[in-house]
Amino acid sequence: MSNDRIYIRFKGRVLGPITNEKALEMVKRGQITKQHELSPDGANWRLASEYDEYFPASITKSYAQTNSKGPDKALGGVNQQGSAANQGAEGAKEWYAHFEDANQGPVDELGLKAWIAAGKVTTKTMLWKTGMSEWMEAEVLRPEWFARHLAKASRTAQPASNSDQQSDTTLLSLAPIAVQSRWWIQMVAICSTIMVSFGVIGSALMFISAASAPGAGPAKALLVITTLSIFVGWCCAFYICMLLFRISAAIQVLSFRPQQAEASQLFLAYNNFWKTLGVFIATILIVGFLLTFMFMALDASLSPLFGRGS
């Protein structure tokens, strides 16, 4: 094959492209059999048995003979248990499985099912038993062995799905309550924005007045810091008003499209508002306490901002 890469197809599933070295390794491990289809370009497919570089004619011709001696010859390096006499005494212990980079066996069907229960043998594990000419995937040979495990996994996932559905239903059931409060939230947001805007303008003028007032020293510095803190506080309050408008917009979207995603966005907006408001109030209390303590320590006041006092 001129191309150094190859595609693999089996039961409609396509793997690749992989290198020729990797493909040869998979052939040795029994992961690629003569029943697989190969293609150098992903468009033209042929059976793997037609590629001499993977299944030479001499090996293909002697495959049936070597298989009669067990998978030890078919894949090479298998740890075959017991002699021919012991194999006759074991009876149904004729199954071999390829996992952990080695061929395991022989075991009977009970032993093979134990491997399945332990997770060692999966649907993609290659199996072989006496009389078979090829190693084949477990799900192809015995699909009924895996049906119970798939059904159990489906039943395990079902309660979680039902729980998620119930959670979504509960969330949407609260939507009408949120929609009813939209006009109140919008009215509070508008009124608060108007008042806060005056506060921002007034605090900015106070800061300019304090910064341009004559004098120097710790008292004036404290006065400038205080007016700057008031201005920043009003700006933060303005941002909180914008969060109220965001809540109102989320409620409006939910009223037109009552779905779980929109309900989640609304409650996320509520969470951001209350979290920001809590941090804002805590910061005001801490900064206010510190500034009050500093005014008392310096025996200063805000009277210079409101007139020329003595």
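Derivation of every value follows stated rules applied to the coordinates shown; laboratory data play no part. Here the structure is a predicted model, which means the values were calculated and not measured. Positions of Cβ are backbone-derived with ideal geometry, glycine not excepted, and every protein chain shown enters the neighbour counts.
For T226, T292, what's the fewest-to-most ordering of other Cβ within 10 Å of each Cβ?
Working: T226 22, T292 11.
Ranking T226, T292 by Cβ neighbours within 10 Å, fewest first, gives T292, T226.
Cross-link partners among aspartates and glutamates for K129, C-alpha distance below 13 Å, same-chain residues fewer than 8 apart left out?
D72, E94, D108, E109, E137
Could you list D52, D108, D101 so that the one with the fewest beta carbons within 10 Å of its beta carbon is first and the one with the most is last? Present the calculation step by step, with values, prior to reporting the outcome.
Values: D52 12, D108 15, D101 7.
With the fewest neighbours first, D52, D108, D101 line up as D101, D52, D108.
Direction-averaged shadow area of the convex hull around the Cα atoms of region 172-305, nm²?
With the hull built on Cα positions only, its mean projection is 9.0 nm².
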